[in-house]
């Protein structure tokens with residue numbers, strides 16, 4: 001792949017990633033501007049909270065697909081080195097986070113990043129999903145699951161796979177995800193973070 005081909009692939013990945021699924025679904029089907037609701041985020045969690053379960057699931061799937069489709073742009077010119085999935089996929093992650101369609105606003109890079117990870121390493125994708133689900137079942141907080149999932153991928157990349165390329169990218173994304181969740185971290189520490197209606201903490205709060 002030449003530099004010219006890489007630039008085109010990266011731009012295409014960015015454009016796919018920048019499709020504001022949550023925003024468009026809110027506008028078209030619910031006549032609501034998700035940027036003005038809840039956290040103002042266009043991602044899965046805010047869609048669940050402000051629009052409901054069905055649109056939340058749809059946005060989750062679409063955001064995952066944006067990462068998968070974006071990363072796959074590495075192969076539009078033919079075969080490419082395996083690591084190129086991750087590099088080109090970063091375009092989709094940037095697009096989701098800073099969408100050209102909504103004034104460079106966007107989501108927190110979680111679902112789209114996981115979609116990219118699926119193409120790069122299905123095993124690490126599975127590890128991230130298990131960590132995410134486990135954290136939610138224990139804490140009833142999506143934000144904790146998101147941050148833990150990225151942390152687990154980073155640690156496993158270093159200590160299990162010894163994949164320093166993935167570890168470096170994962171570490172950068174982990175720091176970025178923690179930064180994007182800084183308001184959630186404050187609410188977690190204050191005990192005011194929103195909880196999903198299931199999981200151990202939610203069940204214990206209902207029992208008390």
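Key figures
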read-out: Single unsatisfied condition, residue 151 versus (1) within 14 Å of the chain's Cα centre (by Cα); (2) surrounded by fewer than 20 Cβ atoms within 10 Å (Cβ to Cβ); (3) under 23 Å from residue 42 (Cβ atoms); value: (3)
read-out: Residue ID - nearest to the chain's Cα centre (by Cα), chosen from residues in the stretch 16-52 that are in a loop (DSSP other than H, G, I, E, B) and within 20 Å of residue 195 (Cα to Cα); value: 43
read-out: Test: residue 98 is free of Cβ contacts under 8 Å to residues at least 24 places away in the same chain and closer than 17 Å to residue 14 by Cβ; value: no
read-out: Criterion: modelled with pLDDT under 95, closer than 23 Å to residue 181 by Cβ and surrounded by fewer than 22 Cβ atoms within 10 Å (Cβ to Cβ) - qualifying residue of 43, 52, 107; value: 52
read-out: Selection from the stretch 162-184 of residues that are closer than 24 Å to residue 39 by Cβ and either without any contact (Cβ under 8 Å) to a residue 12 or more places away in the chain or surrounded by fewer than 15 Cβ atoms within 10 Å (Cβ to Cβ) (or both); value: 172, 175, 179, 182, 183
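The values are calculated or read from the model by the stated rules, or taken from the named source; none is laboratory data. From a predicted model like this one, the values you see are computed outputs, not experimental measurements. Heads up, the Cβs are rebuilt from the backbone with ideal geometry, glycines too, and the neighbour counts pull from every protein chain shown.
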